[in-house]
Amino acid sequence: MPIHSLPIFIQENYEIHEWRHATAILEYDFPQEWADLCDILSAFRLCESYITTPGGRKSKVSEWIDSQLYAKGWVEKEFDTALVVDGVPLDSPTHSFDCYKNRIALEIEWNNKDPFYDRDLNNFRLLFDLRVISVGIIVTRCDELQAIFNELGRGTSFGQSTTHMRKLLPKIEGGGGGGCPILVFGIKDSLYDKNC
């Protein structure tokens, strides 16, 4: 039921998976962040230029999503964490989230090496256990996009060892995110736009 509360456009154009009632938590406990997410995902299009332009530090997909969320008050966020055992602090470093707002963490994994999923899920698990985040969100790509990458001559740049849905789901289903509620969106080929 909860996934069905997403706008129809999002249901039809993203592969969606959730764990531990993530959509219900977002919709009812974090309505502004829910609205932000729905707005951004509804507006996103996978421009051909995002695929054909070689990436630098950050892909064009990540740049677009980040900039839209930052305009709505989301920020890149890193937490300074440590554990204390018998009065002795032990550093427990985490990685920064691409986008964060009001206890909601979002990562964009468009074309990284697949171990980045492990990093993201571990981050979600740890910071959820520390009561810092309430939901973790990952935006990634569907496996079906490989046909478009191949057609554009970019297939080798988006190889099997990079981040895509088939690599992510077993990691989450295997418990990689611990008890953290997680929501995953996979960009489908229906979002592909040759004209931008």
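The values are calculated or read from the model by the stated rules, or taken from the named source; none is laboratory data. Bear in mind that the values here come from a model prediction, so they are computed numbers and not experimental data. A quick note on method: Cβ atoms are made from the backbone with ideal geometry, for glycine too, and the neighbour counts reach across all protein chains shown.
Filtering segment 25-35 to residues that are surrounded by fewer than 16 Cβ atoms within 10 Å (Cβ to Cβ) and either in contact with a helix residue (DSSP H, G or I) (Cβ under 6 Å, 6 or more places away or on another chain) or acidic (Asp, Glu) (or both) leaves only Asp29. Just one residue in the set Thr94, Thr81, Thr53 is free of Cβ contacts under 8 Å to residues at least 24 places away in the same chain and β-branched (Val, Ile, Thr); that residue is Thr53.
For Tyr117, the conditions (1) in a helix (DSSP H, G or I); (2) in contact with a Ser or Thr (Cβ under 9 Å, 6 or more places away or on another chain); (3) under 20 Å from His21 (Cβ atoms) are fulfilled apart from (3).
Considering only residues that are of a type in the set (A, V, I, L, M) and part of a helix (DSSP H, G or I), which ones fall in segment 120-139? Hits for segment 120-139 are Leu121, Leu126, Leu127. Candidates are the residues of segment 36-63 that are at pLDDT below 95 and among the small types (Gly, Ala, Ser); the one that is surrounded by the fewest Cβ atoms within 10 Å (Cβ to Cβ) is Gly56.
Just give me the residues in segment 176-187 being surrounded by 17 or more Cβ atoms within 10 Å (Cβ to Cβ) and either in contact with a Cys (Cβ under 9 Å, 6 or more places away or on another chain) or on the phi > 0 side of the Ramachandran plot (or both), in sequence order.
The first filter runs over segment 176-187 and keeps only residues surrounded by 17 or more Cβ atoms within 10 Å (Cβ to Cβ), leaving 176-177, 180-187.
Passing the criteria: Gly186, Ile187.
Quick one: which helices (runs of 4 or more DSSP H) sit completely within segment 1-94 and have at least 1 residues that are within 30 Å of Thr156 (Cβ to Cβ) and more than 19 Å from the chain's Cα centre (by Cα)?
Working: elements: 8-13, 22-29, 31-43, 48-52, 60-70.
Qualifying helices (runs of 4 or more DSSP H): 48-52.
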